[in-house]
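So the structure is just underneath, and the comments pick up after that.
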Amino acid sequence: MALTTNEIWTLSIAGYAAVISTFVLGWDAYKWLSSGPKVRLTASTGMQKMGGAIDDPQTYVSVTATNLGDRATTITNLGFMYYRSRLHATFRPRHPAQAFIIPGPTEAQAIPYRFEAGAQWIGLARQDDDILRMIREGALYAVLYTSHHGWGVRHRLTARS
């Protein structure tokens, strides 16, 4: 059973179309999975306010979020989660030993805050001896809750030496 020239051309074109359509389907799936807000979170301990009318001797934890995605989201809360060890934080992230919410972490960008693509948000939380104890004895994470990340975006806190 030999194939004619027309049948060879037809099979070649059909094979080429199958490869291209599979690639396009994969590319569309990749674009769909990678779209949306992508929040990167960083945090620094031992921060102090400077340059105000009133001197503030208090020390703060500064939390900075950047939306690297292509869509906006809404910041709904800022909090901390304390785990007795990094092992607990890794394998039981939904079960912290203690969890805290920070009321009013910023006045300029009040929560709820519409967090546009490419924007940055900064919040502050007072740092006290309990915060330092939790950092040293276990694993303390700053957690930013948004409308698109149900369990929040976490960043582990470390104490400044």
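Toward the positive end of the charge dipole of the chain, with +1 on the Cβ of Lys and Arg and -1 on the Cβ of Asp and Glu, the farthest Cα among THR146, ASN6, MET47 is that of MET47.
Loop-resident GluC sites (Glu not before Pro) (DSSP state other than H, G, I, E or B) in the stretch 85-161 with no more than 14 further Cβ atoms inside 10 Å of their Cβ: GLU107, GLU116. A cut-off of 5 Å between modelled amide H atoms, ignoring neighbours fewer than 5 places along the same chain, links GLY138 with no other residue. One decimal place: the segment ARG156-LEU25 gains 43.4 nm when fully extended, by the rule 0.36 nm per residue minus the C-alpha distance. Using Rg/Rh (Cα atoms, Kirkwood Rh) as the read-out, say which of (1) 1.30; (2) 1.19; (3) 1.32 was calculated from these coordinates. Only one option fits the structure, namely (1).
Multiplying the residue separation of ASP70 and THR106 by 0.36 nm and subtracting their alpha-carbon distance yields 10.5 nm.
For THR22, THR45, what's the largest-to-smallest order of accessible area, 1.4 Å probe?
Of THR22, THR45, the descending order of accessible area is THR22, THR45.
A helix-only calculation puts the chain at -9000 deg cm²/dmol for mean residue ellipticity at 222 nm, using -39500 (n - 2.57) for each DSSP H run of at least four residues, averaged over all residues. Close amide H pairs (under 5 Å, H built 1.01 Å from N) link GLY69 with LYS38, GLY118, residues at least 5 positions away or on another chain.
For the pair TRP32 and HIS148, label points projected 7 Å from Cα toward Cβ lie 1.7 nm apart. Per-residue Karplus couplings for the stretch 63-78, computed as 6.51 cos²θ - 1.76 cosθ + 1.60 with θ equal to phi - 60°, are listed in order as 10, 10, 10, 10, 8, 8, x, 10, 9, 7, 9, 10, 7, 10, 6, 10 Hz, Gly and Pro entered as x.
For the chain, give the magnitude of the charge dipole about the Cα centre (Cβ charges: +1 Lys/Arg, -1 Asp/Glu; no others), in debye to the nearest 20. Spell out each step's value before the answer.
On the way: 16 positive and 11 negative charges, 95 e Å.
Using only the charged Cβ atoms, the result is roughly 460 debye.
Across the accessible surface of the chain, with the other protein chains kept in place and a 1.4 Å probe, carbon and sulfur atoms take up 57 percent. Taking the alpha carbon gyration tensor of the stretch 11-89, multiplying each eigenvalue by 5 and rooting it gives semi-axes of 49, 17, 10 Å, largest first.
For SER12 and ARG40, the difference between the fully extended length at 0.36 nm per residue and the C-alpha to C-alpha distance is 5.4 nm. A cut-off of 5 Å between modelled amide H atoms, ignoring neighbours fewer than 5 places along the same chain, links ALA97 with TYR82, TYR83, ARG84.
Quick one: plug the Kirkwood hydrodynamic radius of the stretch 77-161 (C-alpha pairs) into Stokes-Einstein at 10 °C, 1.306 mPa s, and report D in µm²/s. D, rounded to a whole number, is 116 µm²/s.
For the stretch 15-25, the Karplus equation 6.51 cos²θ - 1.76 cosθ + 1.60, evaluated at θ = phi - 60°, returns couplings of x, 4, 5, 5, 5, 5, 5, 5, 4, 5, 4 Hz by residue, with Gly and Pro reported as x.
The values are calculated or read from the model by the stated rules, or taken from the named source; none is laboratory data. Owing to the predicted nature of the structure, the values given are computational and were not obtained by experimental measurement. Note that each Cβ is placed from the backbone with ideal geometry, even for glycine, and that neighbours are counted across all protein chains shown. The accessibility values were calculated without ligands, DNA or RNA, using every heavy atom of the protein model including side chains. Shrake-Rupley method; radii C 1.70, N 1.55, O 1.52, S 1.80 Å.
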